[in-house]
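**Student:** Below are the C-alpha cells for one structure; questions will follow.
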Amino acid sequence: MTALDSSAPCGCGGTTGGAATRTGGGPCGQDDLPVTPFDALRVAFGMLLGEDDFRVLMGNPRGKQMLHAAWLHGPGVLWGYGVHLDADGDRLRAAPGLAVDGWGRELALEAEACASLTAWATRWAQDHPAPSGPPGPPGPSAPDPCTGQPAPDPCPGGTTRRVTAWLAAEFASCPARPVPALADPCDITRRHDDYSRVAETVRVVVLGDEPPRRRPYHRLRVLFGLEGVTGPDDAAGREAAEAAARVRAAAPGRRAEQLLAEFRRLAAGDAVQDAPEREEGDACPQLFPVTEDHAPVVLAKLAFDVVTAPGCVRVANVDVDQRARTALLPTGALQELLCGLAPALLGETLSEDAGGPRLAPGSLRWSRGDTCLSLCFDRPVDRRSLEQALTITSLCERPEHGAGWARSTVAGVRLTDGGTRAVVDLELPPAHRLVRVLIRGTGPEPCYGTDPWVPFAGLTDGPAAGRHDGHDAVLTMHLHQHDCPDEHEHENQHDNQHGNQDTADTADTGRAAS
C-alpha cells in the first residue's frame, strides 16, 4: 500500500497525491508506505516526534527514489521472471526475478509464483457470454499428468473462442512482525500490539487488457526513424522529419555535430509537452508517469482458447510469448553496446572532409540518342582530369549472346555553369542497355576539383574524403533505346570505327616517316 501524501498545493485548489492504491488505504498519510518526496523532516532539540513525523522521515527518500526510477528508467524486467506453463495446461508459473514497475517500485519475486488461467477464463466467460450459434471445434484436452494420455473433454460440445491476455507482475504489500505497543486511547479495540514491518511483495496476475505502454519523446523517435509522422496534424512529427532532413544534408564531417544540435532542440520540445498520465476526473497531475492501474510490468503475452459449455469452462492451446516484455539494460551494458556504433561515427567525424567536388546521383541525363550525358557537381571540377577519370561501360543482360562488358569511347567533355556541370559526348551510344558510369576519385588518375584543388569526393551523401585521396562514384542505370538482338550491329559499328581509326593512324605514321 502506498499513499501519495503532501501538503504542497498543486496550483488548482487541491494537493498533490492522496491517492489510494489497489490494495487499500487512503489519503492523508494513512497507508503503510507513504511517499512524500517533497516533504522532509526538520528536527530540533527537545521536539516531540510522533507517528506522522516518522512517516515523513521514511516517505521522503522512498518517494525520491521512486520518482527517479519511474521517470528516468521506466517499467521493465531487470532479470529473471521466466514464465512457463504447467503440464496441466492451466497454471502459469513465474520464476524469481527483479523488475521495476511504472511507479518506480522494485518488484522482487523471491519464490516462484503462479496464476490460474482457468480461474481467469471463468470470470472472463461470465463477462463475455458466448454468442448464439453452432459451437466451434473443441480444442485438445490437456494430457493426464499421471498416464500422459489425453484426458476426456470436460466441456463436450462447448463453444471455443481465441482470447489474448497478458501476464503481469504488480506491487503488493502486507504488514508483518507484530510487536507490543501502547494502546491508543481512541482505539475502541484496545489493541496492545501492532505490526512493525511492511513486507513488499509481488502478485502475478492475468490481465485482459495490456497495460498501456508509455511512448514519450515523439520528436526524437521520428528523428531516429522509430516512428513516422502520424498525419497532417502531427506538427511535432513534421518538425522532427525536417530536422532529420537537415542532418542528412549536412556535410559528412559535420553530420554528428548537426545531429547533436537537432537532438537537443527536439528533446527540449518533447520535455515541455510531456506530463504525467491523469485519471478521469482528476484536477491535478500526479507525481508518476502513469496511474496506479497502469503500473504493472508485463511478463508475457498469452493467447489461448476458452472453451465454454453449460457449467463448464476450460482453456486449451496456450501460447506464451515472453518477447512482449520490456527488459531494462544496465548503464554499463548500454555504454558497451553504443561502442558498436563508434567505427561508423568516428570514420565520419575524426577525418575532416577536404571539400572535394561531389556528384549529385539524380543529376544524370541522357540525350541525343544516348550519345550525350550530362552530370552535375556541387563544386567546380577540372575538365582534363574528369575526362581521364570517367569510364562508361555497358553489359548485356542476356548471357546467350556471349558479349561481355563494352566500353564506350568518350569523344570529349565540356564544362558549363562555372565548372559544376559536365557534358560528356560519346562517339556512339552504349552497346547495351545496362550502363555503368564510373568517376574515379582514387588511383593514379583521379578527377580533381578546382576550388579547392583536391580529389573528387564521390557522391553527395557519401563519407568524408581527404586532400590526398578521395572516393569513387559508381552509378548503374538502364537505357531503353537498345535491345540485345541489335547489339551485334553496335559492336560492328564500334569495330569499324576502331578499324578506320587504326588505318588513319598508320597512314599518318607513314607520311611522317617519308
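**Student:** For region 62-86 and region 388-446, write down the distance between their C-alpha centroids in whole Å.
**Tutor:** 61 Å
**Student:** Additional query: Quick one: Karplus J couplings for region 300-305, per residue in order, coefficients 6.51, -1.76, 1.60, θ = phi - 60°, nearest Hz, x for Gly and Pro?
**Tutor:** The phi angles translate into 6, 9, 10, 9, 7, 8 Hz.
**Student:** Taking a label point 7 Å from the Cα of residue 68 along the Cα→Cβ vector, which residues of region 96-116 have an amide N closer than 14 Å to it?
**Tutor:** 104-106
**Student:** Suppose R0 equals 51 Å; then what is the FRET efficiency for residue 268 and residue 459 from their Cβ-Cβ distance, rounded to the nearest 0.05?
**Tutor:** With R0 = 51 Å, the Cβ-Cβ based efficiency is 0.90.
**Student:** Please give, to one decimal in nm, the separation of the simple spin-label points placed at residue 363 and residue 188, each 7 Å out from Cα toward the Cβ.
**Tutor:** Going by the 7 Å Cα→Cβ label model, 9.1 nm.
**Student:** May I ask you to list the GluC sites (Glu not before Pro) in region 384-436 that are in a DSSP loop and have at most 16 other Cβ atoms within 10 Å of their Cβ?
**Tutor:** Those satisfying the criteria are 397, 427.
**Student:** Highest first, please rank the peptides 85-97, 326-338 by the mean number of other Cβ atoms sitting within 10 Å of their residues. All intermediate terms of the calculation are to be shown ahead of the outcome.
**Tutor:** Details: 85-97: 17.2, 326-338: 10.8.
Top of the packing list down: 85-97, 326-338.
**Student:** Still on this model: For residue 111, put the label point 7 Å out on the Cα→Cβ axis and report which residues of region 198-227 keep their amide N under 18 Å from it.
**Tutor:** Only 198-205 fall inside the zone, counting backbone N under 18 Å.
**Student:** Another question, then. Measuring from label point to label point, each 7 Å out along Cα→Cβ, what is the residue 421 to residue 249 span in nm?
**Tutor:** 2.1 nm
**Student:** Using DSSP to define loop residues, name the chymotrypsin sites (Phe, Trp or Tyr not before Pro) in region 355-434 whose beta-carbon has at most 12 other beta-carbon atoms within 10 Å.
**Tutor:** Of the chymotrypsin sites (Phe, Trp or Tyr not before Pro), the ones in loops of region 355-434 whose Cβ has at most 12 other Cβ atoms within 10 Å are 405.
**Student:** Moving on. Give the peptides 303-310, 109-116 in descending order of average Cβ contacts within 10 Å, highest first.
**Tutor:** By packing density, highest mean first, the sequence is 303-310, 109-116.
**Student:** DSSP loop trypsin sites (Lys or Arg not before Pro) in region 278-385 with at most 11 other Cβ atoms within 10 Å of their Cβ, which ones? All intermediate terms of the calculation are to be shown ahead of the outcome.
**Tutor:** Details: sites: 278, 301, 314, 323, 325, 358, 365, 368, 383, 384; in loops: 278, 325, 358, 368.
Passing sites in region 278-385 are 368.
**Student:** Moving on to the next point. Put a dot 7 Å past each Cα toward the Cβ at residue 372 and residue 242; how far apart are the dots in nm?
**Tutor:** Placing both labels 7 Å beyond Cα along the Cβ direction yields 4.0 nm.
Throughout, read-outs are computed from the coordinates displayed, never taken from laboratory work. Everything numeric here is computed off the predicted structure, so don't read it as measured data. Neighbour counts are summed over all protein chains in view; Cβ atoms, including those assigned to glycine, are modelled from backbone coordinates with ideal geometry.
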